[in-house]
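**Q** Just dropping this structure here.
No lab work stands behind these numbers, since they all come straight from the coordinates. Predicted model only: the values in this text are computed from it and were never measured. Methodologically, a virtual Cβ is constructed for each residue, glycine included, from the backbone with ideal geometry; neighbour enumeration extends over all protein chains shown.
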Amino acid sequence: MDNAITIENVFKRFKTYETDTGAAGTLFGRKNKIKTALDGVSFEVKKGEVLALLGRNGSGKSTLVKLLAGILHPDSGSIKVLGLDPFNDRIMLVQNIGVVFGSTHPQLFWDLPPIDTFNYIRGMYAIPQDRFERQLDYFVEMLSLKDIYKRQTRQLSLGERMKCEFVCANLHSPKLVLMDEATVGVDLPSRIAIGEAVLSLRKRYGTTFIITTHVVDDIANVDRIVLMDHGRVVFEGQQEKMRSMFKKSVIIELYFSKKMRSSAYAKYGRVILSRGDYIKMEMAPHMIKRNWFTEMLKDDSVIDYRVNEPSLSALLNNMYKAIDKENKTKGVKDG
Amino acid sequence: MGNGIQPYAAAFKVQFKNQLAYRTDIILDMILTMLSSLIFVFVWVAAYSFSGTTSLDGLSLTLMIAYFVMVGAIRQITGWPQIINNMEDDIKQGGIARFMIRPMSYTMQLFLEALPVNILFFVFGSIPVIVLVIVFGHFVVSYQLIAIFVVEMLIAYFMINLIGFMIGSMAVYLSSVWGIANGVAEVFSIAGGAIVPLAFLSQGVANTLMLTPFPFMYYIPAGTLLGIIPMSTALQSVAVGIAWVAVLAVLAHFVWGRVKRDINAVGG
């Protein structure tokens with residue numbers, strides 16, 4: 001079996017309600033609604049894969065993570081995680097998975113230092129003392145926790161706490177780790193440290209990671225992306241596929257020997273920034289093919305240039321715009 | 001499958017340490033629980049004084065005071081279960097997720113979360129008070145009676161917490177279970193003999209209540225140690241009480257098995 005996770009046609013709906021405004025509206029104007037959190041989701045995750053699960057708020061990512069961890073029960077469809085049914089085999093499954101729920105549902109005990117939670121996890125998973133110490137040393141070194149993990153949790157910064165939460169999810173060397181918006185509000189050095197730890201653990205143990213995030217930097221090194229919208233999978237593939245599908249432009253930076261007027265370059269594309277002897281502009285790929293780029297460079301005042309791929313954020317934004325356009329055409333509404 | 005009892009032992013250990021972070025809260029809680037029972041002592045002192053008699057329905061004032069101090073001591077560990085508040089928060093705020101990712105039963109984790117406080121209450125709150133009552137009330141207490149009393153306290157503890165667990169489960173469907181919890185607590189107090197000893201009620205009402213789990217919460221344990229309930233009845237009660245706990249445990253298991261499918265933890 002090469003798959004760590006197999007999800008087939010999973011549906012999950014929640015009962016919710018809306019009320020009218022005012023006291024009377026709250027009492028008598030209640031309308032029950034069914035919110036479709038997952039609408040026939042299917043995909044697979046290979047063992048050892050690092051997969052980013054993306055989507056806007058309310059797209060169904062967190063619901064899916066909770067289904068994978070056995071916390072929620074699917075209305076229909078089938079989920080297999082490490083060959084087990086997450087809901088019915090929860091206790092057996094969670095022996096082999098780790099979950100980081102961001103700062104919303106921490107594992108760390110607020111009034112105790114992280115080392116107490118780590119020791120609790122050692123007991124919970126019956127990790128032999130020598131292996132526990134080796135693992136702890138590894139994480140302390142990798143995530144720079146030396147001056148952190150013996151201090152009371154309530155005294156730690158969010159970034160420090162999240163690094164410790166990451167340790168909580170990985171101390172028992174799980175086969176699969178689910179990270180649900182684990183880097184929200186976390187500072188850059190901590191985010192980078194966690195990102196490097198993910199790759200290191202994958203290399204060391206072959207751990208599979210599912211990462212849900214809104215922080216684009218977090219997905220720079222993932223193997224594959226699954227994008228969700230309105231409870232459905234709307235894109236599945238590698239970053240290269242995302243680029244080829246949603247790349248609308250390239251970014252060109254021009255350096256001049258003298259001050260230039262940006263209006264002279266407006267015909268080639270959209271000028272993003274103009275600063276005397278420097279112009280940054282966005283150009284559609286077909287304009288490059290039509291030799292407009294070569295024509296631009298013929299100007300003797302151009303002393304240097306740089307052609308950049310659009311950022312991941314820009315690509316994602318293009319994806320969301322394309323999805324919105326399609327939803328509008330199909331008449332897809334929230335819930 | 002799993003690591004047997006080890007995860008639960010680890011959970012108990014860390015919860016104990018965690019609860020000790022709130023020492024002042026625990027001490028204040030202990031004092032307030034005792035004070036609430038002392039109110040009944042004053043009420044009964046007034047009642048005896050007003051009636052001008054030394055015995056009501058065969059119970060002397062000393063015995064009555066001892067009874068309510070004993071009820072206060074029992075409340076220290078059975079109390080109104082923290083389990084309800086914890087469950088409501090877990091279900092409403094989504095914190096249940098952090099329990100469900102551990103290789104342990106959620107029910108057991110809830111019990112273990114509350115148990116350290118219960119033990120502290122028992123050791124530092126209940127035991128000293130019970131000893132004082134026995135010594136100053138000149139009650140004759142055998143080891144056998146103490147053993148039965150301890151088992152009855154455990155029955156009361158599990159009974160109240162299992163019912164609390166089922167009420168807490170309702171948080172999946174209700175906006176708040178606070179009202180139900182308070183209502184049920186009043187029923188426990190009245191029907192359990194925490195406000196009036198059941199011996200004071202009419203024979204018919206008392207006999208009917210004895211068929212329910214409520215007397216096992218306060219009346220039977222307190223009555224057993226103070227000799228209000230004969231030893232033979234107390235022994236019989238232990239068997240019936242264990243049966244009630246088993247029934248409630250099966251019921252709680254069934255309820256949770258149904259309710260957990262409807263947990264609605266939307267969003268992050």
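**Q** So what are the ³J(HN,Hα) numbers for segment A:316-330, from phi and the Karplus equation (6.51, -1.76, 1.60; θ = phi - 60°), rounded to whole Hz, Gly and Pro as x?
**A** Ordered by residue, 3J(HN,Hα) equals 4, 4, 5, 4, 4, 5, 5, 5, 4, 4, 5, 4, 5, 5, 7 Hz.
**Q** If the limit is 31 Å between Cα atoms, which of A:K298/A:K325; A:K146/B:K13; A:K163/A:K247; A:K46/A:K280; A:K241/B:K92; A:K203/B:K260 go over it?
**A** Result: A:K298/A:K325; A:K163/A:K247; A:K46/A:K280; A:K241/B:K92; A:K203/B:K260 exceed 31 Å.
**Q** If I model a spin label at A:L273 and A:S244 as a point 7 Å from the Cα along the Cα→Cβ vector, what separation in nanometres do I get?
**A** Roughly 3.1 nm, to one decimal.
**Q** Here is a further query. Please give the charge dipole size of the protein assembly as shown, origin at the Cα centre, charges +1 on K and R Cβ atoms and -1 on D and E Cβ atoms. Round to the nearest 20 debye.
**A** That gives the protein assembly as shown a dipole magnitude of about 1960 debye.
**Q** With a point put 7 Å past each Cα toward its Cβ, work out how far A:D299 is from A:I91 in nm, to one decimal.
**A** So the two model labels end up 7.2 nm from each other.
**Q** Still on this model: Among A:I7, A:T63, A:A23, pick out the residue whose Cα is farthest towards the positive end of the charge dipole of segment A:3-243, where Lys and Arg carry +1 and Asp and Glu carry -1 on C-beta, about the Cα centre.
**A** It is A:A23.
**Q** Compute the relative contact order of chain A as a whole-number percentage, counting only Cα pairs closer than 8 Å that sit 6 or more residues apart in sequence.
**A** That works out to 18 percent.
**Q** May I pose another question? Residue by residue through B:100-110, how many Cβ atoms from other chains fall within 10 Å of the Cβ on average?
**A** 5
**Q** Could you work out which residue, out of A:L254, A:L178, A:L145, moves most in a Gaussian network model of chain A, that is, has the largest mean-square fluctuation with Cα springs under 10 Å?
**A** Taking springs between Cα atoms under 10 Å, the residue moving most is A:L254.
**Q** Taking K and R as +1 and D and E as -1, what net charge do the other residues with C-beta under 13 Å from the C-beta of A:Y120 add up to?
**A** Net charge in that neighbourhood comes out at +3.
**Q** Let me understand segment A:3-243 better: what is its radius of gyration from the alpha carbons, and its Dmax, in angstrom?
**A** Over segment A:3-243's Cα set, Rg and Dmax evaluate to 19.1, 64 Å.
**Q** What does the average come to when, for each residue of peptide A:89-97, you count the partner chain Cβ atoms lying within 10 Å of its Cβ?
**A** 4
**Q** Please express the Cα-Cα pair-distance distribution P(r) of the protein assembly as shown as a list of whole percents, one per 10 Å bin, running from 0 to the bin with the greatest distance.
**A** The calculated distribution, bin by bin, is 3, 14, 20, 19, 16, 12, 8, 4, 2, 2, 1, 0.
**Q** What is the calculated FRET efficiency for B:A46 to B:H138, with r their C-beta to C-beta distance and R₀ = 25 Å, to the nearest 0.05?
**A** Step by step, r from the Cβ atoms, then E = 0.55.
**Q** Once every DSSP H run of n ≥ 4 in chain B is given -39500 (n - 2.57) and the sum is divided by its residues, what mean residue ellipticity at 222 nm do you get, rounded to the nearest 500 deg cm²/dmol?
**A** -23500 deg cm²/dmol
**Q** Could you please state, rounded to a whole Å, how far the C-alpha centre of segment B:149-202 is from the C-alpha centre of segment B:64-140?
**A** Result: 12 Å between the Cα centres.
**Q** In what sequence do B:F121, B:F254, B:F16 fall when counting other Cβ within 10 Å, fewest first?
**A** B:F254, B:F16, B:F121
**Q** Highest mean first, how do A:32-40, B:53-61 rank when packing is the count of other Cβ atoms within 10 Å averaged over residues?
**A** A:32-40, B:53-61
**Q** If neighbour count is taken as other Cβ atoms inside 10 Å, put B:I146, A:I127 in order from fewest to most.
**A** The fewest-first ordering by Cβ neighbours comes to B:I146, A:I127.
**Q** With point charges of +1 on the Cβ of Lys and Arg and -1 on the Cβ of Asp and Glu, referenced to the Cα centre of segment A:249-308, which listed residue (A:A266, A:V302, A:W292) lies farthest in the positive direction of the dipole?
**A** Farthest towards the positive pole: A:A266.
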